[in-house]
Amino acid sequence: MWIYYHFYYDILYFCILAPGGVYKILVGGIDVFIIVSTILTLFYCLMETFRLNFAYKGNINESSPELMAFIGLTFLGLILTVVPIFVPKV
C-alpha cells in the first residue's frame, strides 16, 4: 500500500517542484546552484518512477534482484535529498 500511495506523492512532488525550479532559473538568472538544484530535482523524480517500479515488481514476483535495485535506488535518492542541504549558499 505504501508503494501505491507514494506514487501519488511523487506526482504531487514533481508538479510542485519542477515548475518552481524552472521559475527560479527564469527569475534568478544563471546561477550554478539553481541550475544544479533543478536538474537534481528532475533526476530525482525520474529515478523515483524506476524505484517504485522495482519495488512493485519485486514485491509481486518476490524476486531479489528487483528488491535489491529498489534498495539501491532508495539510498541514491537519500543522497540526492540530503546533499543539497549541505551545499554552501553563496
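For region 20-32, the criterion of a residue being at positive phi and loosely packed, with under 11 Cβ neighbours inside 10 Å is satisfied by at least one position. Taking Ile39, is it over 19 Å from Tyr9 (Cα atoms), surrounded by 15 or more Cβ atoms within 10 Å (Cβ to Cβ) and of a type in the set (Val, Ile, Thr)? Considered against the rule, which asks whether it is over 19 Å from Tyr9 (Cα atoms), surrounded by 15 or more Cβ atoms within 10 Å (Cβ to Cβ) and of a type in the set (Val, Ile, Thr), Ile39 comes out as no. For the subset of region 1-19 comprising residues that are out of contact with any helix residue (DSSP H, G or I) (no Cβ under 6 Å at 6 or more places or on another chain) and under 19 Å from Val82 (Cβ atoms), which member is surrounded by the fewest Cβ atoms within 10 Å (Cβ to Cβ)? For region 1-19, the residue satisfying everything is Tyr9. Quick check on Phe50: is it modelled with pLDDT of 85 or more, aromatic (Phe, Trp, Tyr), loosely packed, with under 15 Cβ neighbours inside 10 Å and in a helix (DSSP H, G or I)? Criteria met by Phe50.
As for region 58-67, it holds at least one residue that is among the β-branched types (Val, Ile, Thr), exposed (fewer than 15 other Cβ atoms within 10 Å of the Cβ) and under 25 Å from Tyr4 (Cβ atoms).
Checked against the criterion of being more than 12 Å from the chain's Cα centre (by Cα), part of a helix (DSSP H, G or I) and not hydrophobic (A, V, I, L, M, F, W, C), region 70-83 contains one or more residues that satisfy it. For region 21-42, the criterion of being over 12 Å from the mean Cα position of the chain (by Cα), outside any helix (DSSP H, G or I), under 27 Å from Met1 (Cα atoms) and at pLDDT below 85 is met by no residue.
The values are calculated or read from the model by the stated rules, or taken from the named source; none is laboratory data. Keep in mind that this is a model prediction, so the values were computed, not measured. Every residue, glycine among them, receives a Cβ derived from its backbone with ideal geometry; neighbour counts consider all protein chains shown.
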